Amino acid sequence: MEEILKKGNLMVEPCKEEGGEISGILLRTCKRKYTLKHYRPVTHCIFDLDGTLLATDSVYIEVYRKMLAEHGKILTEDLLRIVSAMTNENSWKTSVKQIQLNVPWRTLAEEYEKRTFERLGHCKLMPGVQKLLLHLHRHEIPMAIASSTAQHLYRRKSAPHTELFKVFHHVVCGRSDPAVTENKPDPEIFTVCMDRFEDKPKPCDCLIFEDTLEGLSAAIDAGSQCVVIPPKGVYRQDFRLATLILNSLEEFQPELFGLPKYNSEAYNS
């Protein structure tokens, strides 16, 4: 069993191996062998959107459950654990195969997106997000968003938080950006995102925040450290290649990565 290190209230799970099939995704798709020995200082931060910055999971799960019920299927705990860590397209590909749905996965994915759209205009921030973003912005740490979502969905989801999201230097929406031709776990979205910072940081200078296995694999292959906040019900062991695994961003300690430490300043959470 892998060693688990304690740092304050954090549970740090280093990875010494790669490979093995986890929740239907081969972690050996990560091309870089990643061994955690020390945290490297970073200068830039990149965030995924759904499940990392915004609490969209409850909306997605409810719609997912209803759609499966319409086809006489049940969203079991095992299936939920698997698809919760996947993108929309991969989740429906997996569901069609796992529970033998007689509907093309693409049709289901498109219908799912339509149904969730109306409900995504009231998404709340994930715990600890506002405090961290305001803190990093106050200390002039460049930040960006790299999400697989489409531009119109990003606008819908982020609408309640327009003022806060001004802290981001730029946003890359993979499904709408012509420069992004491959989905996660391909690292392209992160390399594109890094290149759009004015000072064009190296991958090793960027810290990526993610919540999915595809995102984690993409971050590793991009050459960056990755902090993961897994969805509830997903085995932490599935994310053993992550640099750091947290229950929420409330646990994040910026100083571990050479970023300014929180002080007594008040931030609205």
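None of the figures in this text is laboratory data; all of them are computed from the coordinates on show. A quick note: this is a predicted structure, and the numbers were derived from the prediction, not measured. Backbone-built Cβ (ideal geometry, glycine too); neighbour counts: all protein chains shown.
When peptides 117-123, 70-76, 246-252, 225-231 are sorted by average Cβ neighbour count within 10 Å, with the highest value leading, the order is 225-231, 246-252, 117-123, 70-76. Other residues whose C-beta falls under 12 angstrom from the C-beta of H161 contribute a net charge of +4, scoring Lys and Arg +1 and Asp and Glu -1. Debye-formula intensities of segment 172-269, expressed as log10 I(q)/I(0) at q = 0.10, 0.12, 0.13, 0.25 Å⁻¹, are -0.31, -0.45, -0.52, -1.29 (one equal scatterer per alpha-carbon, no solvent).
Multiplying the residue separation of H139 and R119 by 0.36 nm and removing their Cα-Cα distance gives an extension gain of 3.8 nm.
Taking max minus min of the alpha-carbon positions on each principal axis, segment 57-122 gives extents of 33, 22, 20 Å, largest first.
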